[in-house]
Each structure stands twice: as C-alpha cells, then as structure tokens.
Amino acid sequence: MNDDFVNVSMYLRDNAEKFPFRRAVVYSAGRDAAGRTTYAHLTFQQLDRESDCLAHGLHEAGIVQGTRTILMVRPGLELFALTFALFKVGAVPVMVDPGMGIRRMLACFAEGNPEAFIGVPPAHALRVLRPGFFKSVKIPITIGKRWFWGGLTLAQIRKTPWTPFPVARTRKEDTAAILFTTGSTGPAKGAIYTHGIFDAQVKSIRRLFDIGPDEIDLPTFPLFSLFDPALGMTAVIPDMDPTRPAQVNAEKIIQAIEDHGVTNMFASPALLSRVGAYAKSRGIQLPSVRRVVSAGAPASPDNIEQFSEILVENAEIFTPYGATEAMPVLSIECREILSETAELTRQGFGACVGRPVEGVDVRMIEITDDPIAEWSDDLEIGEGEIGEITVKGDVVTPGYFQRPEADALAKMTDGDGIRHRMGDLGWQDKKGRIWFCGRKSHRVITETGPLFTIPCEAIFNQHSGVLRSALVGVGEKPRQEPVICIELKPEALGLSRNQLTRELLELGRQNILTQSIDAILFHKAFPVDIRHNSKIFREKLAVWAAKQLKKKGLS
C-alpha cells in the first residue's frame, strides 16, 4: 500500500494470493449422526472471491463509497464476507454491539444516520417495528428469508460467476467504519475509524505479538475476529454467545481449540477464568496454544496464573491495554506480572498494564474533567504521580461521529496530530510501565482527597471470601462518602455479614489508602458490561449504595 491508496481489504487480497488454499474462517455448522461437531470454512481465496461477488451486488444496490451501512450479522462466514465487501466498495460499516440492550442499540443506530441496513430477519423486524430510529435507511438487505418488509436479499445481490471487484481507491484519512463503544462509563459513542487506522492496527498487532504465517486464532469477541483475515490468521469462530463470556460453555471452547490446533486466543478475563477453572479441575492441557491475549478489563494475577497452568511452559499470556478509540496502546506479558508486579497490585499500587507499544506516545497529565483544546508540555505530570493517560499515534481515532461535545472532552490537537484522553487514571514507574488505577469518572472525591478504584479495591480483594469489590462514592463531590461494595464467593455466602464487615474494615485500616473507608455493603451480583462481563458498572452501584445507606440511616 502506498500513501495515496490505503484500503484494509487489500490485506485479504494479498493473503488470498499468498495462501489461496489455507482456511481463513472456520465456523461450527452443526453435528453429524455420531454427535461430532462439523465445521464449514472459507479459504483465503474463497473469502476474497465471495467478498468480490457481494461487493458487485452491494455496488449495484446503491451501496457505494461513503455509504454508512448498519451491519447486524451473527458471527459466521457472512460477517467476514460482508465486512470485506463493504471495505472493497468503500462503504462505511456502522458496528453496534447487540448485547448493549435494545434501547441503547436503537439510539446508536439513529445517531449513525445510516443509509443502508444489512441484517438477519430479527434485525429487520426490529427496524420495521421501530421505524423512528431508521428514518435515514433507504437500502435494506436481508440475510436469509425476507419476511414482511421490502428490499433485496443477500442471495439476490450476490453476483456470480466471480469476477474481481475493483477496490475503491480510498486514502488513509477516508472513513472506513464507525465502531460504537459499549458506553460502559457513559453514553455509547461512534468512534471514527479510517483506513489508515486499520492499516496501522494490523501492522502494530502483528509486530507486538510476533504473529507468524501459520497461526490459528480463536477470537471470542467478533470485532477482533475481523482482524484475522488481514493478519493472515485462520479465524475459528467459537460456538458461544459473545455477549455473555462469563457464562461460556468451557467444554465447547476447549473442543474448538483441540479440533483445530488453535495457536492464538483472544478472550476477556471473565472467559479466561471460566475456561481456566474448568480445564484445571479436569487436568486438561492445551499444548497447541502459544499465545493468549486478554483484554477488556484488567486480568487479576490469580486469573492469569490459573490459565497459565493449563498451557505449555513457553506459551505467553499478554494483557494489552487500549480502548475502542485507540488500540493497542500498552502491553505486558504474564511472566513479568507474576514475577514482579502482582504482589504490588495486591498492595494497592494499581494494575500494571505494561509499556507503550511501538509508535504510540503515552503521556500522563493532571486530572481534570474540563476540556483541553491543545497539548502543552505544562500539562504533563512527573514520574510516580497519578494522572490521566493520554495517547498519540497512528492507531488513535480522530474523533466521534457527530459528537463535538465528546470530542472536546476526549481529544486535543498535538502538533500535526490528535492526542486522545483515555479517561483512565494511572502512573508511570521508573521502568516505563504504566499502572492503571481506574476510570477518571469513578474516582471518589472526599474532603481529605481523592480515592482511586483499582488500588483501594485490591486491599479488600485479599479477603478469602471476596470474589470482587467495588469502590463507589455516595453524595456530592468534593464531600463524597467512600463505600466498598462486596460480591462474595459462593462458598462465603453463608458466613456472618457482621463478622465479614469487621474483618474487611480491619483489612482497610491496615493500609493508608483505605483507612478512611468505614462503609461496607454486600451485593448479590455486580452489574457488569455486556461485551466482556468484566467492567463493573460502578455508576449503578453508587445509586444502589446510596439507597442502602439511607435505609440503614447512615447517610
């Protein structure tokens, strides 16, 4: 690719020429008469040609360069073929996580102002039943059987016999997709991805994880699976509900790994915990897995250690750090976590998320909730101080779709580029590593100063009965009352709450970070994000905590 022509679909075309008969995508197709799992697949050549056939049809249907197109497709062969077909015509896929809930999903659809809608029948039924959110849609295309609405079907637009599709001559600054955040700490926003950003991400991911030409990936998050054809990896789509990784069937995940000799695995900490516990309890080893990439939320050292025990000795577990707006940003390997940083995390230093990846400039700035229009060196804080993490580089998105207020709070100009404010707090040590201390919006501001979630929670998580804890603030800033919410392990549910409270308060008094915390509340099951089932919705917990304290006459 040269500077004038950058289109992420060219990675697929190049890999189709290099590895025409290697499997690109593998998908569970059902079971045979003996009960064995059967699989369907497309080779790189087949995927490239299938996306060409669809690109011709999309173009004829009016989906051309710049057409914003909602894509509501279940993980599978069609998702890959359609996504690369849209890239080839230069259209702009609008990706919304279906697990965020119908109301929020509809709001994202309306905000994306789409002109085309490609989806499975239930998605179109929703479009017809809630027309106010889809006023801009002019081109509906149904995957499968069309019910009581108009438009074309995928079978009708697929143009055969195959002829190569002339890929749109997009440039690095041209919009390639709009990817909506899950909105785990605020409203979901559409991050603008350009072809240049996708190009930079493919190069960065390949370089960071040293991905070779014979890799087989098990991506348990659909969006990340779309990188595989560009990276030259075989993507094995797992048989699971991607919106509920904490409830995944571990046996199916392990079967997919063993059936295909999976070498790489992308998973949230919640999925790693479930699969790791299942495999460890049954003495199962996964010798083919060379590399595990866990993201979405900080993975606990115990979780990492448990999963590492079912891998071969030289396998690696990475916990990269990033966000929809910028990824990857930082990374660290599990050996360094287990040998150096884990004990410090338990003591309240934060979660070490690693060093900046090549090509990304990371700076820590003073904590403020106000907009910052332009970078200045005066904003930067010293080594060891807790501040907001900011990043600049080719993987950083330029802004949000039609969200100038959000841009003002998250973006600043920095020379000839854009610097993104991650909304996360942390500090940098003498080895250049960043330690994550929680979301900026989650800090609790008391009369004696701010408290940060990750360091404080680590102290209470040391109790043997605690599954996880969450720090929230009750009342108005800067006079909030800090409250620790506790979710117990199943084996601790029958223990005395009064005794547990005394033990937890004593733990808190032993550390200077938590000495000011006097309120402990027990919650049955924390509300968590849908995508990774790992990020705690502390905003919801804060509302709940305020009601509980009021009931007890403590606030």
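The values are calculated or read from the model by the stated rules, or taken from the named source; none is laboratory data. Quick caveat, the model's predicted, so the values are computed rather than measured. All Cβ positions, even for glycine, are placed from backbone atoms using ideal geometry, and neighbour counts span all protein chains on display.
Yes or no: region 78-87 includes at least one residue that is at pLDDT 95 or above, of a type in the set (D, E, K, R) and surrounded by 23 or more Cβ atoms within 10 Å (Cβ to Cβ).
Within region 78-87, not a single residue is at pLDDT 95 or above, of a type in the set (D, E, K, R) and surrounded by 23 or more Cβ atoms within 10 Å (Cβ to Cβ).
Of all residues in region 300-333, count the ones that are outside any strand (DSSP E or B) and either of a type in the set (V, I, T) or buried (at least 23 other Cβ atoms within 10 Å of the Cβ) (or both).
Residues that pass the stated criteria total 8.
So, in region 233-277, exactly how many residues are aliphatic (A, V, I, L, M) and part of a strand (DSSP E or B)?
The number of residues fulfilling the criteria is 5.
For region 323-344: of the residues being in contact (Cβ under 8 Å) with a residue 60 or more places away in the chain, out of contact with any Gly (no Cβ under 7 Å at 6 or more places or on another chain) and of a type in the set (G, A, S), which is nearest to Q462 (Cα to Cα)?
A323
Scan region 430-442 and report the pairs whose first residue is of a type in the set (S, T, Y) and whose second residue is surrounded by fewer than 21 Cβ atoms within 10 Å (Cβ to Cβ) and outside any helix (DSSP H, G or I), with Cβ atoms within less than 6 Å and a gap of 6+ or a chain change.
S441/T185
Go through region 112-148 residue by residue and tally those that are touching a residue at least 60 places away in the same chain (Cβ under 8 Å), in contact with a strand residue (DSSP E or B) (Cβ under 6 Å, 6 or more places away or on another chain) and of a type in the set (V, I, T).
Number satisfying all stated conditions: 3.
I63 fails exactly one of the following numbered conditions: (1) more than 29 Å from I257 (Cβ to Cβ); (2) free of Cβ contacts under 8 Å to residues at least 60 places away in the same chain; (3) touching an Asp or Glu at 6+ places or on another chain (Cβ under 9 Å). What is the number of that condition?
(2)
Name the strands (runs of 3 or more DSSP E) wholly inside region 123-229 in which the number of residues that are closer than 21 Å to V92 by Cβ and under 16 Å from the mean Cα position of the chain (by Cα) is 1 or more.
175-180, 190-194
Against the definition (among the small types (G, A, S), under 25 Å from I70 (Cβ atoms), in the same structural domain as M100 (by TED's automatic domain parsing) and in contact (Cβ under 8 Å) with a residue 60 or more places away in the chain), how does A235 come out, yes or no?
No, not satisfied.
So that you can scan it fast, the table gives a plain yes or no per residue for (1) under 23 Å from the mean Cα position of the chain (by Cα); (2) buried (at least 20 other Cβ atoms within 10 Å of the Cβ):
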residue	(1), (2)
L54	no, yes
G62	no, no
D97	yes, yes
L106	yes, no
F109	yes, yes
G112	yes, yes
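Working only within region 149-203, note down all residues that are buried (at least 21 other Cβ atoms within 10 Å of the Cβ), charged (D, E, K, R) and either free of Cβ contacts under 8 Å to residues at least 24 places away in the same chain or farther than 19 Å from R403 by Cα (or both).
D199
Would region 245-256 turn up any residue that is crowded, with 22+ Cβ neighbours inside 10 Å, at pLDDT below 95 and under 22 Å from the mean Cα position of the chain (by Cα)?
yes
Results for (1) within 20 Å of G432 (Cβ to Cβ); (2) out of contact with any Ser or Thr (no Cβ under 9 Å at 6 or more places or on another chain), shown as yes or no for each residue.
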{"residue": "F318", "(1), (2)": "yes, no"}
{"residue": "P328", "(1), (2)": "yes, no"}
{"residue": "C334", "(1), (2)": "yes, no"}
{"residue": "E340", "(1), (2)": "yes, yes"}
{"residue": "L344", "(1), (2)": "yes, yes"}
{"residue": "G348", "(1), (2)": "no, no"}
{"residue": "G354", "(1), (2)": "yes, no"}
{"residue": "P371", "(1), (2)": "no, yes"}
{"residue": "D378", "(1), (2)": "no, yes"}
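So, in region 465-506, exactly how many residues are within 33 Å of the chain's Cα centre (by Cα) and either exposed (fewer than 14 other Cβ atoms within 10 Å of the Cβ) or free of Cβ contacts under 8 Å to residues at least 60 places away in the same chain (or both)?
Of the residues in region 465-506, 19 are within 33 Å of the chain's Cα centre (by Cα) and either exposed (fewer than 14 other Cβ atoms within 10 Å of the Cβ) or free of Cβ contacts under 8 Å to residues at least 60 places away in the same chain (or both).
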